[in-house]
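Below is one structure; the comments refer to it alone.
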Amino acid sequence: MIITTGFDPIPAIEMRAKSLAERTGTMYAPRGKLSMSKMAERYSDGEILVVLQDAVRLITPGMPPMEFHPSMGFVRAKRIIRGEPDPMLEAARMVPGDSVLDCTAGLGSDSLLFAVYGGEASIVTALESSLPLCALLLEGMSHYISGQQKVNEALRRVRVEHSDHLAYLREQPDNSIDIVYFDPMFRVPLTDSAAISPLRQFANAAALRAESVAEAVRVARKTVLLKEKALSGEFSRLGFTELLRASAKTSYGVISIDN
């Protein structure tokens with residue numbers, strides 16, 4: 001992967017791109033007057049992350065560009081700000097100030113919701129094992145501007161880490177995080193949405209491991225939460241109690257921790 005900018009970037013955007021490349025251990029490539037295809041020929045045959053003034057875009061050969069956007073997370077965040085309930089937060093038994101570890105960040109929508117509801121005292125950490133997705137999240141969470149100030153502030157509070165979740169969990173002390181959350185990519189998609197389809201190429205297709213859940217139970221103070229297809233056998237396989245919702249295609253599974 002390389003990181004670049006649009007044509008004729010202002011100095012601040014160029015600095016952001018260089019800083020992101022340094023943070024992610026990737027190469028910064030000046031754009032000059034090169035097209036994306038010429039950039040790929042010259043520097044890389046893989047992903048190109050483009051830092052723009054109002055956006056960040058991940059270009060992958062043979063796939064539509066993927067741009068950071070909270071998507072449905074923004075709609076749900078506005079509901080939370082209005083005081084409306086959210087099934088994920090209710091299943092997690094979250095209260096403002098709780099710490100959360102999102103083990104499968106993806107595009108960060110769930111991490112955003114935890115940060116919105118958790119408030120300034122909450123620590124939300126988002127883990128992403130794919131380096132291109134992690135770079136997209138780092139830039140997007142740091143600079144994306146929505147129409148809601150509370151959403152912008154919540155985005156800035158999310159701590160994005162490039163890490164495999166099992167390795168990260170093994171390094172955490174016992175009972176050190178209130179809520180540990182898993183939302184693994186469904187191996188058979190519910191829909192072929194334009195937002196999710198490009199994401200699937202970066203997703204870890206392996207089933208969630210029992211060892212990961214055991215480490216999460218050790219680390220969590222309050223709840224371990226799993227999102228899966230409704231009536232999925234994954235809930236019973238991994239020891240979660242499924243919370244069925246009327247007409248919902250997905251369910252949340254819960255392991256409550258009694259310390």
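The values are calculated or read from the model by the stated rules, or taken from the named source; none is laboratory data. Remember, predicted model here, so these are calculated numbers, not experimental data. In this analysis, Cβ positions are derived from the backbone assuming ideal geometry, glycine residues included, and neighbour counts consider all displayed protein chains.
Just a few scattered comments:
Results for (1) in contact with a His (Cβ under 7 Å, 6 or more places away or on another chain); (2) under 27 Å from Ala216 (Cα atoms); (3) outside the structural domain of Met27 (by TED's automatic domain parsing); (4) of a type in the set (A, V, I, L, M), shown as yes or no for each residue.
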{"position": "Gln53", "(1), (2), (3), (4)": "no, no, no, no"}
{"position": "Arg79", "(1), (2), (3), (4)": "no, no, yes, no"}
{"position": "Leu89", "(1), (2), (3), (4)": "no, yes, yes, yes"}
{"position": "Met94", "(1), (2), (3), (4)": "no, yes, yes, yes"}
{"position": "Gly97", "(1), (2), (3), (4)": "no, yes, yes, no"}
{"position": "Ala115", "(1), (2), (3), (4)": "no, yes, yes, yes"}
{"position": "Gly118", "(1), (2), (3), (4)": "no, yes, yes, no"}
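- Criterion violated by Tyr43 - all others in (1) modelled with pLDDT under 95; (2) under 16 Å from Glu139 (Cβ atoms) satisfied: (2)
- In the stretch 160-171, residue surrounded by the fewest Cβ atoms within 10 Å (Cβ to Cβ) [restricted to those that are farther than 14 Å from Glu211 by Cβ and touching a residue at least 40 places away in the same chain (Cβ under 8 Å)]: His162
- Qualifying residue in the stretch 224-234 (condition: within 26 Å of Pro173 (Cβ to Cβ), in the same structural domain as Pro184 (by TED's automatic domain parsing), in contact with a Ser or Thr (Cβ under 8 Å, 6 or more places away or on another chain) and surrounded by 13 or more Cβ atoms within 10 Å (Cβ to Cβ)): yes
- Of all residues in the stretch 246-256, at least one satisfies being β-branched (Val, Ile, Thr), closer than 11 Å to Val180 by Cα and touching a strand residue (DSSP E or B) at 6+ places or on another chain (Cβ under 9 Å).
- Unique match (being over 27 Å from Gln172 (Cβ atoms), assigned by TED's automatic domain parsing to the domain that holds Val124 and acidic (Asp, Glu)) among Glu84, Glu47: Glu84
- Selection of the stretch 61-76 for residues being over 15 Å from the mean Cα position of the chain (by Cα) and crowded, with 17+ Cβ neighbours inside 10 Å yields only Arg76.
- Helices (runs of 4 or more DSSP H) wholly inside the stretch 27-115 that include at least 1 residues being among the aromatic types (Phe, Trp, Tyr): 36-43, 72-81
- The residue that is nearest to Ile59 (Cα to Cα), counting only those in the stretch 117-146 that are among the acidic types (Asp, Glu) and surrounded by 24 or more Cβ atoms within 10 Å (Cβ to Cβ), is Glu139.
- Among (1) among the hydrophobic types (A, V, I, L, M, F, W, C); (2) within 22 Å of the chain's Cα centre (by Cα); (3) surrounded by fewer than 21 Cβ atoms within 10 Å (Cβ to Cβ) - the single one Ala220 does not satisfy: (3)
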